[in-house]
Amino acid sequence: MKYLLIFLVVLAIFVISVTLGAHNDQVVKFNYLLAQGEFRVSTLLASLFAAGFLLGWAICGLFWLRVRVSLAHTQRKLKRLQQQLGQTEASVTASQAPAVKE
């Protein structure tokens, strides 16, 4: 449900930006880091929104991937420690067993 609401908000923002851009056919001069160009406001608005959206998803994806790798590493370490604990408990139990006298 949460993801559906987020998707709807992003979709609404995108629709609003496309609608506003469609009514603004003015050509503007856009100075970016390496050069400058003349673009229509609608094209500029849509492309910058898409670039920001993709950049945001890429950054969030990298953080998510880092957390997943860390979680997998921790789970492997926990499993290894539990196996070691089980082996030591079994050896302690076996060594404390009373000797059978006949």
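One residue is enough: does region 23-40 have a residue meeting the conditions in a helix (DSSP H, G or I) and open to solvent by less than 70 Å² (accessible area, probe 1.4 Å)?
We begin by selecting, within region 23-40, every residue in a helix (DSSP H, G or I); these are none.
The answer is no; no qualifying residue exists.
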Next item on the list: Scan LEU44, LEU55, LEU65 and give me the residue that is farther than 21 Å from ILE13 by Cα and either open to solvent by 70 Å² or more (accessible area, probe 1.4 Å) or touching a helix residue (DSSP H, G or I) at 6+ places or on another chain (Cβ under 9 Å) (or both).
Entry: LEU65
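Which of the residues belonging to region 21-44 are hydrophobic (A, V, I, L, M, F, W, C) and within 20 Å of LEU54 (Cβ to Cβ)? Show your work before the answer.
So in region 21-44, the residues hydrophobic (A, V, I, L, M, F, W, C) come out as 22, 27-28, 30, 33-35, 39, 41, 44.
Selection gives PHE30, LEU33, LEU34, PHE39, LEU44.
The values are calculated or read from the model by the stated rules, or taken from the named source; none is laboratory data. In this text, all values refer to a predicted model and were calculated from it rather than measured experimentally. Cβ coordinates were reconstructed from backbone atoms using ideal geometry, including for glycine residues, and neighbour counts include every protein chain displayed. Keep in mind that these areas ignore ligands, DNA and RNA; they rest on the heavy atoms of the full protein, side chains included. Shrake-Rupley method; radii C 1.70, N 1.55, O 1.52, S 1.80 Å.
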